[in-house]
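Remarks on the structure that follows.
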Amino acid sequence: AATDHNVDNTTAVVREWLKNVQNLYHDVEWRPMEDPQSYPEEIGPKHWPSSRFTHVMKLRQAALRAAREKWSDYILFIDADNLLTNPQTLNLMIAENKTLVAPMLESRSLYSNFWCGITPQASDHGYYKRTLDYPLIREWKRTGCFAVPMIHSTFLIDLRKEASTKLMFYPPH
């Protein structure tokens, strides 16, 4: 677990969660980061300059490397502002037997943690593309596990799968 200079009570929430559930996991590494309070080019706490994005990708890469070095079977990434309310979520994701799998996160809008389409233009570096499938999946009119081009925020990687060796967060590729 790591935090990225949060200005709210994220560190306390994660610390409390760890106290209650850490014994359920093979290994949990805790890396709170209180400083810096912001990045030099940051406009506000919700602004993500490239330096912050790079820092978070380096944190994720370090976690992935540590999991591989410990011969972990899985690694679960969850952004601190994501809540998994179904206690079976982890078991359900494992049962999918996929290299990379994510639960669909609920929100009060059409926003979620996946895209069904990405633009093909190289100049866009791939950006969100509206598809007919997205609202059907997001609104639970089509259920199941679907191959999508992008997931984020909360996901599970099965490190036992050969394909997982090709996954990385940093450096960018």
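Observations on the model:
- Taken together, the criteria place Glu106 among residues that are free of Cβ contacts under 8 Å to residues at least 12 places away in the same chain, charged (D, E, K, R) and open to solvent by 70 Å² or more (accessible area, probe 1.4 Å).
- Subset of the range 1-57 that is modelled with pLDDT of 85 or more and among the hydroxyl-bearing types (Ser, Thr, Tyr) - its residue that is surrounded by the most Cβ atoms within 10 Å (Cβ to Cβ): Thr54
- Screening the candidates Arg130, Arg142, Arg160 for the property of being assigned to a loop (DSSP other than H, G, I, E, B) and touching a residue at least 40 places away in the same chain (Cβ under 8 Å) yields one hit, Arg160.
- Filter result for Ile94 (farther than 22 Å from Tyr170 by Cα, out of contact with any His (no Cβ under 8 Å at 6 or more places or on another chain), of a type in the set (Val, Ile, Thr) and touching a residue at least 24 places away in the same chain (Cβ under 8 Å)): yes
- Pairs where the first residue, in the range 32-47, is within 18 Å of Asp79 (Cα to Cα) and the second is at pLDDT 75 or above and outside any loop (DSSP other than H, G, I, E, B), C-beta under 8 Å, 6+ apart: Pro32/Thr11; Pro32/Val14; Pro32/Arg15; Glu34/Thr11
- Leu92 vs. criteria under 17 Å from the mean Cα position of the chain (by Cα), over 26 Å from Arg31 (Cβ atoms) and open to solvent by 50 Å² or more (accessible area, probe 1.4 Å): yes
- Answer from Trp71, Trp48, Trp17, Trp115 - the residue that is of a type in the set (Phe, Trp, Tyr) and under 25 Å from Pro135 (Cα atoms): Trp115
- Meets criteria (within 20 Å of Met150 (Cβ to Cβ), touching a residue at least 40 places away in the same chain (Cβ under 8 Å) and of a type outside the set (S, T, N, Q)) for Phe77: yes
The values are calculated or read from the model by the stated rules, or taken from the named source; none is laboratory data. Remember, predicted model here, so these are calculated numbers, not experimental data. FYI the Cβ positions are ideal-geometry reconstructions off the backbone, even for glycines, and counts take in every protein chain you see. With ligands, DNA and RNA removed, areas are computed over all heavy atoms of the protein, side chains included. Shrake-Rupley method; radii C 1.70, N 1.55, O 1.52, S 1.80 Å.
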